[in-house]
Amino acid sequence: MSLELFLDMLSQPCRSVFLFAKKNNLPVEVKLISLMNGEQHTEEFGKVNPLRKVPALKDGDFCMGESIPMMEYMAEKFNTPDHWFPKDLQKRARVNEYLSWQHLGIRMHGSKMFWMKLMAPVVFKLEVPEDKMAGAMEDLNSSLDLLEKTFIQDGGFIGGEQISIADLVAIVEVMQPFASGVDVFEGRAKLSAWKERVVQAVGKELFVEAHKTILSAKDSVKQLDSGKIEYFRPRVLKLIS
Amino acid sequence: MELYLDLFSQPCRAVFLLAKVLEIPFEFKYVNLATGQHLGDEFGKISMMRKVPVMKDGEFVLTESTAILEYMVQKHRAPDHWFPSELLLRARINEYLSWQHTNLRAHGSKIFLLKMLFPLMMGCEVPKEKMDAAMEDLNMSLIQLENYFLQNKPFIIGDKISVADIVAMAEIMQPVGTGVDVFTGRPTLSAWRDRVTAQVGVELFKEANEVIMKAKDLSQNIDKTALEMMKPKFQKMFS
């Protein structure tokens, strides 16, 4: 029985896990879970991840959540090339540093854009106050500045000369606001160049495959019935009020 | 090794505790957040991120407590239980350390900030619904800690203490320092706290938490200029 990955490609951490597994040709079975259809609330999924989040991993009887640990687990189990999660003390520390910072440093701010630009106005027909949007954009811009200036090494990747899981985790977060209509690459030559390096390292076809769902979100969310996803409303309201 | 710390900060407490428990020699470099020292030029030369903790090991400078904790364990070849190398146990400890950023850490911090800084920054008491919503989030995180991460094990990953317990305890002490009693009515959590305290050592636990337990003194000690500097950021956070 192969390792199962439960993913919703709208979700950034699901995309990083997908990219890692597929790039390394790991023996995994991808099971798509639709958050918008409430599939995270089924009894079956609850057995895989009681916290009801994606991505989730099931390897025989062993189940876990949290994308970064999942990638580290797969890296160790399948002995992927060292550069993905280097064993060297200082190289590992640099990768860990980014992976830790990003939770609150960029993930939070990029995620907000998906909710504020797409889910709130299009699905829930809620207007986002101008000052809230401006504040969120300011936060996102600060994050992107730090990513560009502090974390991405000149001409290279976050951890150094080679790509690592830090770059996968970063790129998927950057693509979220981008797909929501924010041109994060405009005026950011260093960020754009890094993105191209990541796409090349991962393979253009795989990158496109991983991002096709989120990149068509602007249109696909129009099909969503807010009545079916009322459990998201409190979260949306909290964000915009 | 130099550790730049303010023990008001949870991640600083975790790093401090582990370094002490592992008997790693270090120089404690105090960074006084209440006076805005982290925003000054001198600290900026250490770290542009302007956050604590920071570790400086020779020329190597590292931020982010979870990265620092793993580095210390790896470099000093600490006993395996602190950060187990076995595949499944490693996955479990990483799972906790990843989850906690936006859950227990975020919600515990929010309580601290609302109780200690909101009145100073906003000039009024915290609105009831805001506090209630924050408490609800904290409660949810504590429930998940108990029911998903601890379950009926002595420590988060099993029979022995690890970095996960140190990090979790540091986060819990933040709201506790402001007077929120998270332990009453939670026998599992209380028993776990007692085990962690015993493992780390009662004296050391007390030393690490001395500052946060006097959190209520913060408002008297906060420097007025620093307050003004930090106001825009906090006002945005609180609005």
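The values are calculated or read from the model by the stated rules, or taken from the named source; none is laboratory data. Remember, predicted model here, so these are calculated numbers, not experimental data. Cβ sites come from the backbone with ideal geometry, for glycine too, and all protein chains shown count toward neighbours. Note: areas computed on protein heavy atoms with side chains; ligands, DNA, RNA excluded. Shrake-Rupley method; radii C 1.70, N 1.55, O 1.52, S 1.80 Å.
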Practice problem: Could you give the size of the charge dipole of segment B:2-80 about its Cα centre, using +1 on the Cβ of each K and R and -1 on the Cβ of each D and E, expressed in debye and rounded to the nearest 20? | Solution: 120 debye
Quiz item: Each residue of segment A:210-226 in order: what ³J(HN,Hα) in whole Hz does its phi give by Karplus 6.51 cos²θ - 1.76 cosθ + 1.60, θ = phi - 60°, with x for Gly and Pro?
Solution: 5, 9, 5, 5, 5, 6, 9, 4, 3, 8, 5, 5, 5, 7, 6, 9, 4
Quiz item: Cα centroids of segment A:41-72 and segment B:190-237: how far apart, whole angstrom?
Solution: 34 Å
Quiz item: Could you give the distance between the Cα centres of segment A:122-198 and segment B:19-96, to the whole Å?
Solution: 26 Å
Exercise. Pull up the DSSP beta bridges for chain A and report the antiparallel fraction as a percent, rounded to 5.
Key: 60 percent
Quiz item: What part of the accessible area of segment B:2-80, given as a whole %, is carbon or sulfur when the probe is 1.4 angstrom?
Solution: 49 percent
Practice problem: For B:Lys56, list the aspartates and glutamates whose Cα falls under 13 Å from its own Cα; do not include residues on the same chain fewer than 8 positions away. | Solution: B:Glu2, B:Glu27, B:Glu64
Quiz item: To the nearest 100 Å², how much accessible surface do chains B and A cover up together, summed over both, with a 1.4 Å probe?
Solution: 2900 Å²
Quiz item: Given only helices, namely DSSP H runs of n ≥ 4 each adding -39500 (n - 2.57), what is the per-residue ellipticity at 222 nm of chain A, to the nearest 500 deg cm²/dmol?
Solution: -15000 deg cm²/dmol
Practice problem: Starting from the Cα gyration tensor of chain B, take the square roots of the eigenvalues, sort them a ≥ b ≥ c, and report rounded, prolate or oblate (rounded when a/c is under 1.5, otherwise prolate if a/b is larger than b/c, else oblate). | Solution: oblate
Quiz item: Can you give the average number of partner chain beta-carbon atoms within 10 Å of each beta-carbon in peptide A:72-82, as a whole number?
Solution: 2
Self-check item: DSSP-defined beta bridges in chain B - what % are antiparallel, rounded to 5
Solution: 65 percent
Exercise. Would you work out if the protein assembly as shown is rounded, prolate or oblate? Take a ≥ b ≥ c from the square roots of the eigenvalues of the alpha-carbon gyration tensor; rounded if a/c is under 1.5, else prolate when a/b is larger than b/c, oblate otherwise.
Key: rounded
Quiz item: Roughly speaking, what is the centre-to-centre gap between segment B:111-134 and segment A:210-230 when only Cα atoms are used, to the nearest Å?
Solution: 36 Å
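At a threshold of 8 angstrom on Cα-Cα distance, excluding pairs fewer than six apart, so keeping six or more, what relative contact order does segment B:82-238 reach in percent?
Once divided by the residue count of segment B:82-238, the mean separation gives 29 percent.
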Exercise. Would you work out the relative contact order for chain A, in percent, from Cα pairs under 8 angstrom that are 6 or more residues apart?
Key: 24 percent
Quiz item: Going by a 1.4 Å probe on protein heavy atoms, which residues of segment A:89-106 end up with at least 20 Å² less accessible surface in the whole assembly than in their chain alone?
Solution: A:Leu89, A:Gln90, A:Arg92, A:Ala93, A:Arg94, A:Asn96, A:Glu97, A:Ser100, A:Trp101, A:His103, A:Leu104
Quiz item: Between A:Leu104 and A:Val30, what length in nm is gained on full extension when 0.36 nm per residue of separation is reduced by their alpha carbon distance?
Solution: 23.9 nm
Quiz item: If you place +1 on the Cβ of every Lys and Arg and -1 on the Cβ of every Asp and Glu, how big does the dipole about the Cα centre of segment B:29-121 come out, in debye to the nearest 20?
Solution: 260 debye
Self-check item: Those GluC sites (Glu not before Pro) in segment A:106-207 that DSSP places in a loop and that have at most 15 other beta carbons within 10 Å
Solution: A:Glu127, A:Glu161, A:Glu186
Exercise. Taking the Cα centre of chain A as origin, work out the dipole magnitude from +1 charges on Lys and Arg Cβ and -1 charges on Asp and Glu Cβ, in debye rounded to 20.
Key: 200 debye
Quiz item: Out of A:Val208, A:Val17, A:Val184, any idea which swings most in a Gaussian network model of chain A, alpha carbons joined below 10 Å?
Solution: A:Val208
